[in-house]
Amino acid sequence: MLILLLTTSISGYPQSKKPNILFLFADDQRADALGISGNPYIQTPNIDQLAREGSRFTNAYVMGGHHGAICAPSRAMLLSGKSLFQVYDRLNGVNTMPMDFSKAGYTTFGTGKWHNEKEAFEATFQQAKNVYLGGMADHYAIALRDFDENGKLGDPQIKGFSTEVFTEGAIEFIQNHSKNGAGKPFFCYVAFTVPHDPYSPAPEFINYYPDGSLPLPGNYMGLHPFQFDQLNVRDENLTGWPRKPEVIQMILSDYYGLITHLDQQIGKIISVLKDNGQYDNTIIVYAADNGLAVGSHGLLGKQNLYEHSTKVPLIIKGPGVPEGKEFDALTYLFDLYPTLSQLAGLPNPKEVTGKSLVPILQGKETQVRGSLFTAYRNTVRAVREGDWKLIRYPERDFTQLFNLKKDPLELNNLAYEDDYIEKKEALLKLMKLWQKETGDTAALTAKVIKPLEYDHKSILRQPDQWQPDYTLKRYFEKNH
């Protein structure tokens, strides 16, 4: 009886029965950049195996962002369970998912990228190692911080290639917790910085996918057909305009190399879980903070609302999750907060916008929402309902309408065809309802309308401070 009391948490659940949580978070990975998604060119055997042993959501999205660094609001939404217009990219003073797990008796640990306030990280996790405070960074020379004896992040140090040092931090935590965790469950958050630009793989993954060996995206374009925002923002500067097919293939080679290296390191974490007897009792989540264009629609980045930039991979595996299932329900990343809480037997989190996906996993429901809304700055809004998607550009007074079942690459705009006027109007009405519900006050038609046309020769580009020599020589010195 004494042992039972000692191993029972304040919430009434035996500690030994509570599942661990391992959250693996990629940075800027398209949903289709996984073998399990049907991509025959990329090698991701470890992530694919997680999907085969668990469940994969094929319509998972990030809600968007209010500036070019989509990573920051995406992570704020994920960790708070709130929508874009509730949390933006600020977490100071906000209750986060790991905080709830800590209150329920979990040991919480964080490593990797934290693109929100330093103080919010320190308030969120009990333990930490190899933490990067920032957004874009040189993967070879990333500034990393550890917790000191007071639970504060110390001075930055350079320790090695980002993917590997984050993996080392997670492995060390799992091993130590398995020996010294007193039977408590853990919540381990591992936020990688790949495959985010700069596209500079570790040496053994350079030319892993030889230049020219990967096909162009099916919606590759040399130029985006019209201007809708800054066409040279952040990621878009890596190569010039029009985008040369051979350079897009170079980018894809580096991008896929970063992902395959990531998959290799995830395999190491999984092996440590198994070696320490933790694998079967661990809920593993694999997801990414947003997608990426990588040549689709003449774009490179995520500062748009096409599928390639807003749709993300989402895999859940572990206790309470069916094996080998795929679900097409419309989901947001911030649905993971209430989902993991319910799977772990925690109380329903308060004041979250996200919806638990457990009813879908249990086969009780087929969806948790009938439509989905995304936003980028005040320049783009989109809504999806069923197979239909509408994108609105207020500053250009321009609309796109796509049937994603027939046109998954979003190439055939139906918005100005007579047969689809009613569908367009219905989705515009739905978009306005979403705006009202989320607190989005942006006008769908701006007071001053800007032209769609632009001169690509006038767009200027220059490397940023984070580009290593590999990237500078490969994409800038060769006039690419």
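What follows is calculated from the coordinates using simple rules that are stated; it is not laboratory data. Computed from a predicted structure; not experimentally measured. Here the Cβ positions follow ideal geometry from the backbone for every residue, glycine too, while neighbour counts run over all protein chains shown.
Pairs of lysines in the stretch 378-449 whose Cα atoms sit within less than 14 Å of one another amount to 6, provided the residues are eight or more positions apart or on different chains. Rounded to the nearest 5, the antiparallel percentage of DSSP beta bridges internal to the chain is 50%. The D407 and E323 beta-carbon pair, evaluated with R₀ = 35 Å, returns a calculated FRET efficiency of approximately 0.60.
The simple Förster model, with R0 at 51 Å and r as the Cβ-Cβ distance, assigns E149 and D211 a FRET efficiency of 0.55.
The dipole here belongs to the chain: it is taken about the Cα centre, uses +1 on the Cβ of Lys and Arg and -1 on the Cβ of Asp and Glu, and is about 900 debye. Between amide H atoms placed 1.01 Å from N, distances below 5 Å from Y199 occur with no residue 5 or more places distant or on a separate chain. Per-residue ellipticity at 222 nm from helix content only, as computed over the chain with -39500 (n - 2.57) for each DSSP H run of at least four residues, stands at -8000 deg cm²/dmol. Ordering N46, L346, H67 by Cα displacement along the dipole of the stretch 18-369 toward the positive end leaves L346 in first place; charges were set at the Cβ atoms of Lys, Arg (+1) and Asp, Glu (-1). Prolate is the label for the stretch 378-449, because the ratio a/c of its alpha-carbon gyration tensor axes (a ≥ b ≥ c) is 1.5 or higher and a/b is greater than b/c. Simple spin-label estimate for E417 and D469 gives 5.4 nm between the two label positions (7 Å along the Cα-to-Cβ direction from each Cα).
Mean sequence separation of contacting Cα pairs (under 8 Å, at least six apart), scaled by the length of the stretch 320-386, corresponds to a relative contact order of 30 percent. Seen through its C-alpha gyration tensor, with square-root eigenvalues sorted a ≥ b ≥ c, the stretch 439-480 comes out oblate because a/c lies at 1.5 or above while a/b is not bigger than b/c. A straight line joining the Cα centroids of the stretch 266-311 and the stretch 396-474 runs 24 Å. Listed by Cβ neighbour count within 10 Å, with the fewest neighbours leading, T260, T366, T44 appear as T366, T260, T44. From least to most packed, judged by other beta carbons within 10 angstrom and beginning with the fewest, M250, M99, M77 follow the order M99, M250, M77.
Charges on Cβ only, +1 for Lys and Arg, -1 for Asp and Glu, centred on the Cα centroid of the stretch 378-449; of L401, Q435, A382, which one is farthest towards the dipole's positive end? The listed residue farthest towards the positive side: Q435. Fully extending the segment from H67 to R52 would add 1.8 nm, taking 0.36 nm per residue of separation and subtracting the current Cα-Cα distance. Let me make sure I get this right: for the stretch 69-154, a, b and c are the square roots of the gyration tensor eigenvalues over alpha carbons, sorted descending. Under 1.5 in a/c it's rounded, otherwise prolate if a/b > b/c, else oblate. Which is it? Cα axes put the stretch 69-154 in the oblate bin. The distance from the alpha carbon centre of the stretch 31-71 to that of the stretch 147-214 is 19 Å, rounded to a whole number.
On a per residue basis, the convex hull of the C-alpha atoms belonging to the chain measures out at 143 Å³. Relative contact order for the chain: 22 percent, from Cα pairs under 8 Å spaced at least 6 residues apart, divided by residue count.
Label reach from N180 (point 7 Å along Cα→C-beta): in the stretch 106-130, amide nitrogens under 17 Å belong to 107-110, 126-130. On full extension, the segment bounded by K118 and T438 gains 112.5 nm, given 0.36 nm per residue less the C-alpha separation.
In this structure, the amide hydrogen of L22, modeled 1.01 Å from its nitrogen in the peptide plane, lies closer than 5 angstrom to those of C188, I283, I284, V285, counting only residues at least 5 positions away or on a different chain.
Based on Cα contacts under 8 Å between residues 6+ apart, the stretch 378-449 shows a relative contact order of 34 percent. Working ranking of peptides 465-472, 281-288 by packing, defined as the average number of other Cβ atoms within 10 Å per residue, highest first, is 281-288, 465-472.
Projecting the Cα atoms of L84, G212, S296 onto the charge dipole of the chain (Cβ charges, centred on the Cα centre) puts L84 farthest toward the positive pole.
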